[in-house]
Amino acid sequence: MKFPLTEPHQLQQDEAYFYIKEDDHDLKLRFHDYGEIYKRPGLYEQLFYDRLRCSSPKKVCSVLQKVLTENHVETDELRVLDLGAGNGIVGEILQTARVIGVDISKEAYIACVRDRPGVYDAYYVADFCNIDSLTAQELNEWRIDCLTCVAALGFGDIPTKAFATAYNFVKNGGWIAFNIKETFMQESDVSGFSRLIKHLLVTDTLEVHHLERYRHRISIDGRPLFYYVVVGKKEFDISPEILRELECA
């Protein structure tokens, strides 16, 4: 694996790319070409965890555990929906709970079965912007009381509507844990997704218990990339009216 040598600092986080040697030639892959990355065993971990030192799964899960302990909630009592489950890294950390994975990518599901079989009680390949009635019914039957979403928000990988759909599957009084790139928290960002997160933080839709800036990983040229981890208790659903307003922003 090798990174480009020319002006990597000019690339946006979702534009970054790298090369791997395959069939005697260099294959170029973007960091967000998850389907292609998941097809190659170990490549996701080598790229993001070995080379770029991603800390987010452990960080988000440890903060969630801290908040649960402070509120006298046992992890093994939870039914967790892991949105953007990928090949199961968060699910592996949360194995003491009942965890339901969901990802839009079939390649992610195949990689999870290959790399971490059995970490999820169920795994759905589903588009949460257009969820079918059968999947919705089954998810409701799980009685979800916790949502995790790690390193998957804000770049179009999980749209605003998909996150809101997952949020609304969690029962009122359940727990929400996610992380978000620091720039999406800035006042200058008026995108629909950024406005949704700010809406959660400043209204009674989510009771925030922990908000912390931390180093998510390093960039390909060694700069630290900072995210926020957010853990809170869900008070109310995100209303369709609010979602329509934000999507039109």
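The values are calculated or read from the model by the stated rules, or taken from the named source; none is laboratory data. Worth saying up front: this structure is predicted, and the values here are computed from it rather than measured. Cβ coordinates were reconstructed from backbone atoms using ideal geometry, including for glycine residues, and neighbour counts include every protein chain displayed.
Key figures for this structure:
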item: Those residues of segment 152-207 which are acidic (Asp, Glu) and part of a loop (DSSP other than H, G, I, E, B), in sequence order; result: Asp157, Glu187, Asp189, Asp204
item: Test: residue in segment 219-233 that is of a type outside the set (Phe, Trp, Tyr), in contact with a Lys or Arg (Cβ under 6 Å, 6 or more places away or on another chain) and modelled with pLDDT under 90; result: no
item: Matching residues, segment 182-203, being surrounded by 20 or more Cβ atoms within 10 Å (Cβ to Cβ) and either out of contact with any Ser or Thr (no Cβ under 7 Å at 6 or more places or on another chain) or modelled with pLDDT of 85 or more (or both); result: Ser194, Leu196, Ile197, Leu200
item: Subset of segment 45-64 (residues that are more than 15 Å from Cys146 (Cα to Cα), assigned to a helix (DSSP H, G or I) and not charged (D, E, K, R)); result: Gln46, Leu47, Phe48, Tyr49, Ser56, Pro57
item: Close pairs from segment 37-60: first at pLDDT 90 or above, partner small (Gly, Ala, Ser), Cβ under 6 Å, at least 6 apart; result: Tyr38/Ala108; Tyr38/Ala111; Ser56/Ala151; Val60/Ala177
item: Tally, over segment 93-135, of residues that are of a type in the set (A, V, I, L, M, F, W, C), surrounded by fewer than 16 Cβ atoms within 10 Å (Cβ to Cβ) and modelled with pLDDT of 95 or more; result: 4
item: Pairs where the first residue, in segment 65-90, is in the same structural domain as Tyr167 (by TED's automatic domain parsing) and assigned to a loop (DSSP other than H, G, I, E, B) and the second is among the acidic types (Asp, Glu) and at pLDDT below 95, C-beta under 7 Å, 6+ apart; result: Gly84/Asp157
item: Matching residues in segment 204-227 - criterion: being surrounded by 19 or more Cβ atoms within 10 Å (Cβ to Cβ) and of a type in the set (Ser, Thr, Tyr); result: Thr205, Tyr227
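Okay, residues lined up against (1) outside the structural domain of Tyr228 (by TED's automatic domain parsing); (2) over 27 Å from Phe48 (Cα atoms); (3) in contact with a Cys (Cβ under 8 Å, 6 or more places away or on another chain):
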site	(1), (2), (3)
Cys112	no, no, no
Pro117	no, no, no
Phe128	no, no, no
Ser133	no, yes, no
Thr165	no, yes, yes
Phe178	no, no, yes
Lys181	no, no, no
Gln186	no, no, no
